[in-house]
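The values are calculated or read from the model by the stated rules, or taken from the named source; none is laboratory data. Everything numeric here is computed off the predicted structure, so don't read it as measured data. Here the Cβ positions follow ideal geometry from the backbone for every residue, glycine too, while neighbour counts run over all protein chains shown. The protein model used for the area step is the full one, side chains on, heavy atoms only, and it has no ligands, DNA or RNA in it. Shrake-Rupley method; radii C 1.70, N 1.55, O 1.52, S 1.80 Å.
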Amino acid sequence: MLTEVSKFAKLLALKSPIAVQGTKHILNYSRDHNVHDSLTYVATWNMSQLLTEDVFKAGLASMSKKPPPPFSKL
């Protein structure tokens, strides 16, 4: 189990901190609200996240088939 947890932690560490925190926030919100309210909240949240530099960096890396550069700090 520790091996798999370590692999998962390394995978998460490569992701944008903004995306990881946002996902955690959305999961917590959705747990306590109905589906309609949760989907509306996710749509609004996602629109706000499109303004971060991390989206641009990740898209550029994906198109060039390279690993993403360091993401923004929180």
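Tell me whether region 43-54 contains one or more residues that are of a type in the set (A, V, I, L, M, F, W, C), over 15 Å from the mean Cα position of the chain (by Cα) and at pLDDT 85 or above. No, region 43-54 contains no residue that is of a type in the set (A, V, I, L, M, F, W, C), over 15 Å from the mean Cα position of the chain (by Cα) and at pLDDT 85 or above. Within region 1-43, the set of residues being of a type in the set (S, T, N, Q), touching a Ser or Thr at 6+ places or on another chain (Cβ under 6 Å) and under 27 Å from PRO68 (Cβ atoms) comprises SER30 only.
Name the residue that is least open to solvent (accessible area, probe 1.4 Å), counting only residues in region 21-74 that are basic (Lys, Arg) and part of a loop (DSSP other than H, G, I, E, B). Ranking the candidates gives LYS66 first.
Scanning region 51-69 for residues that are within 18 Å of ALA13 (Cβ to Cβ) and charged (D, E, K, R) gives ASP54, LYS57, LYS66.
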